[in-house]
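This report concerns only the one structure given below.
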Amino acid sequence: MSVFTHVTVGTKDLNKARAFYDNVLSTIGLKRIADLDENGSIWGVDAPSFFVLKPANGQPASVGNGVTVSFEAPNRAAIDAFHAAALAAGCPDEGAPGTRDWAPHAYAAYTRDLDGNKLAVYCFKAA
């Protein structure tokens, strides 16, 4: 059973966000499954799981301090590809791909999207 139905982040530039997420999420098997006109887009596999939206209140999107959105990757190579795609898009390295000691077989990478939202991608399978 999943704990969440989806996660949403805000964006200042929807077209740039769409291009960025189309690219990096494709490395872990997610695809854009819906556009909400000029309000946002939704990515997932069989169901919606990640939304990028313009804030409904009309105020500028802002980044939550201490908030990280973490995606599950099918394998370590996908994590390496996700991280490389984000860096190629001009996003910062917030934690290079590698093992994480807090869980068995944990392998992860961290970056931020074009709006500054912190992103992680994790795999818990043995190498």
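Scanning the stretch 41-91 for residues that are of a type in the set (S, T, N, Q) and either open to solvent by 70 Å² or more (accessible area, probe 1.4 Å) or closer than 22 Å to TYR110 by Cβ (or both) returns SER49, ASN57, GLN59, SER62, ASN65, THR68, SER70, ASN75. Against the condition in contact with a helix residue (DSSP H, G or I) (Cβ under 8 Å, 6 or more places away or on another chain) and basic (Lys, Arg), how does LYS31 come out, does it pass? Yes; evaluated as a whole, the condition is true for this residue. For the subset of the stretch 1-40 comprising residues that are hydroxyl-bearing (Ser, Thr, Tyr) and not in a helix (DSSP H, G or I), which member is most open to solvent (accessible area, probe 1.4 Å)? Taking the candidates together, the pick is THR5. Taking the stretch 94-127 on its own, how many of its residues are open to solvent by less than 70 Å² (accessible area, probe 1.4 Å) and not in a strand (DSSP E or B)? Number of matching residues: 8. If the condition is being of a type in the set (Gly, Ala, Ser) and more than 17 Å from ALA77 (Cα to Cα), then the stretch 100-124 contributes ALA103, GLY116. Annotation note: Cβ proximity below 9 Å between a residue of the stretch 109-127 that is touching a residue at least 60 places away in the same chain (Cβ under 8 Å) and a residue that is in a loop (DSSP other than H, G, I, E, B) and of a type in the set (Phe, Trp, Tyr) (sequence gap 6+ or interchain) occurs for no pair.
The values are calculated or read from the model by the stated rules, or taken from the named source; none is laboratory data. Everything numeric here is computed off the predicted structure, so don't read it as measured data. No Cβ is skipped: glycine too gets one built from the backbone with ideal geometry, and neighbour counts run over all protein chains shown. In case anyone asks, the SASA skips ligands and DNA or RNA and just uses the protein heavy atoms, side chains included. Shrake-Rupley method; radii C 1.70, N 1.55, O 1.52, S 1.80 Å.
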